[in-house]
Amino acid sequence: MSLQNKYQELINAVKQKASGDVRVVEQDDVLYIDGQVGSEQDKDALWEVYNSIDPDYRAGDLRLNLEVTGGAQYEEYVVKSGDSLSKIGAKYGIAWKTIFEANKDIIKNPDLIQPGWKLKIPAK
């Protein structure tokens, strides 16, 4: 199995959360993933994905280099019973699609959100 196949879930997650270009290079039996993310929360979430593939980071076959740019500013919102993306968007003065796009890692169907979910609300 190639390292890119082994870490495909992480590569996809990095590309989804990236705030810039992502570089993926396999060299000398080590996979290098370099990129920028918008927040420490995104960076921590990506390290959790890495840990789920390689518990305790013992394989030594991946170098994950993520820089926090702070470019994308988000506020966190906890979904309450009766909420919809449209209602949340109206509260923050943004389109529901903007919230959906920022939370594709959590929301699979924009018509189905669950109380307790923590959503990123992009700045206007």
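The values are calculated or read from the model by the stated rules, or taken from the named source; none is laboratory data. Owing to the predicted nature of the structure, the values given are computational and were not obtained by experimental measurement. Virtual Cβ from ideal backbone geometry, glycine too; neighbours counted across all protein chains shown.
For the reader, a short list of remarks on this structure follows.
- Per-region count, segment 14-31, residues of a type outside the set (Val, Ile, Thr) and closer than 15 Å to Asp54 by Cα: 1
- The lone criterion from (1) more than 27 Å from Pro122 (Cβ to Cβ); (2) free of Cβ contacts under 8 Å to residues at least 24 places away in the same chain; (3) part of a helix (DSSP H, G or I) left unmet by Asp44 is number (1).
- Taking (1) among the β-branched types (Val, Ile, Thr); (2) farther than 17 Å from Pro110 by Cα; (3) exposed (fewer than 15 other Cβ atoms within 10 Å of the Cβ) in turn, Val78 satisfies each apart from (2).
- Residue within segment 28-37 that is surrounded by fewer than 16 Cβ atoms within 10 Å (Cβ to Cβ), of a type in the set (Val, Ile, Thr), within 28 Å of Leu3 (Cβ to Cβ) and over 16 Å from the mean Cα position of the chain (by Cα) present: yes
- Some residue of segment 68-87 being closer than 30 Å to Tyr32 by Cα, touching a residue at least 60 places away in the same chain (Cβ under 8 Å) and not hydrophobic (A, V, I, L, M, F, W, C): no
- Of everything in segment 1-54 that is closer than 19 Å to Asn103 by Cα and among the basic types (Lys, Arg), the residue that is modelled with the highest pLDDT is Lys15.
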